[in-house]
Every structure is written in structure tokens, then in C-alpha cells.
Amino acid sequence: MLNNVPARFALEAAGMRIDRDNVLKVANVLMTEANGLQDVLTQNGDARAGLCGGDPVSPDAMVAFNVRAAALVDSLSLYVRDLQQLATAVAESARAYGVSDEDIARSLET
């Protein structure tokens, strides 16, 4: 029933118990989580380390910390996108249960 599920969630989505009674709630929970994480990225995604001290290692450490921070931000951005896609796929599957487009749209509002 779930189409276009991001590969990262394929196994979890296959094991989800989604039915007429909870399909919109599941979509809402997923979108709420995605939006919360996106808020964290928006507020903190550009944060980077400065020099850690006056020692000769600090410039290299700063670069290393910042490279790792950027990689984490990129990874979290992909996770947020995948959560949003999963939420949309779950919400769209509600049509198979006869749920109205208005109710589906409302389920994705957070």
C-alpha cells in the first residue's frame, strides 16, 4: 500500500501497522518529527567550531571538527527529507481507505 517509501525506511515501513484508523496519525507523527528536526537544522545547521586554543594543533582540530559537523548536517538533512517523503507516502496511501484530500492535507500540517 505504501508507494515511494525512501529506501532508508523500507524495512521499517514494511513492518508498520497502518490501517484506516491510524493512517493520518502516522503521517502526522512522521511529519511532526521531520519538521522538528528541520527546525534544529535551521537554527543550528551553520554552527561551527572556532579555534580550540592557542596551541599548534588547534587550527587542524578546528578544520576536522567543522568537516565532521558539515557531514552530520548533510546526513540529518537527508534524514529529514526521507522522513518528509515517508510522511507524504503514508498520507497518500490514505486515499486507498477513502480518506478525503482535505483530511490528508490536514494530517501533514504541524
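For a test of the definition: using alpha carbon positions, the gyration tensor, and the 1.5 limit on a/c, classify the chain as rounded, prolate or oblate. Walk me through the intermediate numbers first.
Numbers: a/c = 4.86, a/b = 2.91, b/c = 1.67.
Prolate.
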(message) With a 1.4 Å probe and all protein chains left in place, how much of the accessible area of the range 9-110 comes from carbon and sulfur atoms, in whole percent?
(response) 56
(message) What FRET efficiency comes out for Lys25 versus Ala64 if R0 is 41 angstrom and r is the Cβ-Cβ distance? Round to the nearest 0.05.
(response) 0.45
(message) Among 19-29, 38-48, how do they line up by average Cβ neighbours within 10 Å per residue, starting with the highest?
(response) 19-29, 38-48
(request) Round to the nearest 10 and give me the degree value, 0 to 90, for the angle of helix 58-93's Cα axis relative to the longest principal axis of the chain. (result) 0
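The values are calculated or read from the model by the stated rules, or taken from the named source; none is laboratory data. These numbers were taken from a predicted model, which means no experiment stands behind them. Reconstructed Cβ throughout: ideal geometry from the backbone, glycine too, with neighbour counts over all protein chains shown. Keep in mind that these areas ignore ligands, DNA and RNA; they rest on the heavy atoms of the full protein, side chains included. Shrake-Rupley method; radii C 1.70, N 1.55, O 1.52, S 1.80 Å.
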